[in-house]
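I'd like to ask you about the structure that follows.
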Amino acid sequence: MAEWLTIFNDDGINIGIKERDQVHLDGDWHETFHCWLFETDHQRINLYFQKRSHTKKDFPSLYDITCAGHIDQDEKVIEAGLRELQEELGVILKEKDIIYDADFKETIQLDSFFDREICHLFFMNLTECKLNLLNIGDEVESIAKVDINLFEQLIKKERMDIPMLELTKEGFIQKKVTKSSFCPHDHEYFNHIIQVCKKLS
């Protein structure tokens, strides 16, 4: 079944609806929900990522936002967000459980893929609310976490690789990852996420 999204012009004005695949071909601005999970372990901040399923059309098997999804044309932001959290991470939450930060415009353009998102950014501190992150949906292969300072060094190209702890249904896996292991969000986006997590910790 086709997924219809509300599209916007460069000034953020609603200009109608369009089918999702066509939106990504034409580069129309559209809304998405992004929720980043993090935790504070003593003086260390861990940032959580989901590993996208190998069957995903876009960016299969890459590490991405802990939970994210498109906002359908007839949905409210928070309604879509809570739905995505349940579908992807298997957790049932309320609006008060997640912290809204800001709207962030991001563009990713690769060959025939032209994605321009108005990202509604939310955060959740797992130090205050423990969740079973292995009750994940079909679109997610696993959940992983990295030290936020090491991740910052990676995106600044100060390190070639960093250690990651991946949580799978079989248990914990320690591995090394490079920048190419992650979805190609721009430096400004990742830097914003890092600074917000540090502020909220």
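For q = 0.16 Å⁻¹, what log10 I(q)/I(0) does the chain give under the Debye formula with an equal point scatterer on each alpha carbon and no solvent?
Cα-only, vacuum Debye calculation for the chain: -1.10.
Run through segment 96-201 and list the GluC sites (Glu not before Pro) located in a DSSP loop whose Cβ has at most 10 other Cβ atoms within 10 Å.
Glu128, Glu158, Glu170
State the percentage of accessible surface on the chain attributable to carbon and sulfur atoms; use a 1.4 Å probe and exclude ligands, DNA and RNA.
After summing per-atom areas, the C and S share lands at 49 percent.
So which lysines can Lys198 reach, going by Cα to Cα under 27 Å and dropping same-chain residues fewer than 8 places off?
Once the sequence-local lysines are set aside, what remains near Lys198 is Lys51, Lys94, Lys96, Lys105, Lys130, Lys145, Lys156, Lys157, Lys175, Lys176, Lys179.
With a probe of 1.4 Å, find how much accessible area the chain has per residue, and write the answer as a whole number in Å².
It amounts to 52 Å² per residue over the chain.
Classify segment 1-68 as rounded, prolate or oblate, taking a ≥ b ≥ c as the square roots of the eigenvalues of its Cα gyration tensor: rounded when a/c is under 1.5, otherwise prolate if a/b is larger than b/c and oblate if not.
It comes out oblate by the Cα gyration axes.
Between segment 137-201 and segment 26-84, what is the C-alpha centre distance in whole Å?
Each part's Cα centre sits 13 Å from the other's.
What is the angle, in °, between the Cα long axis of helix 187-200 and the longest principal axis of the Cα atoms in the chain? Nearest 10 is fine, range 0 to 90.
Around 60 degrees separate the two axes.
The values are calculated or read from the model by the stated rules, or taken from the named source; none is laboratory data. Bear in mind that the values here come from a model prediction, so they are computed numbers and not experimental data. Cβ coordinates were reconstructed from backbone atoms using ideal geometry, including for glycine residues, and neighbour counts include every protein chain displayed. In case anyone asks, the SASA skips ligands and DNA or RNA and just uses the protein heavy atoms, side chains included. Shrake-Rupley method; radii C 1.70, N 1.55, O 1.52, S 1.80 Å.
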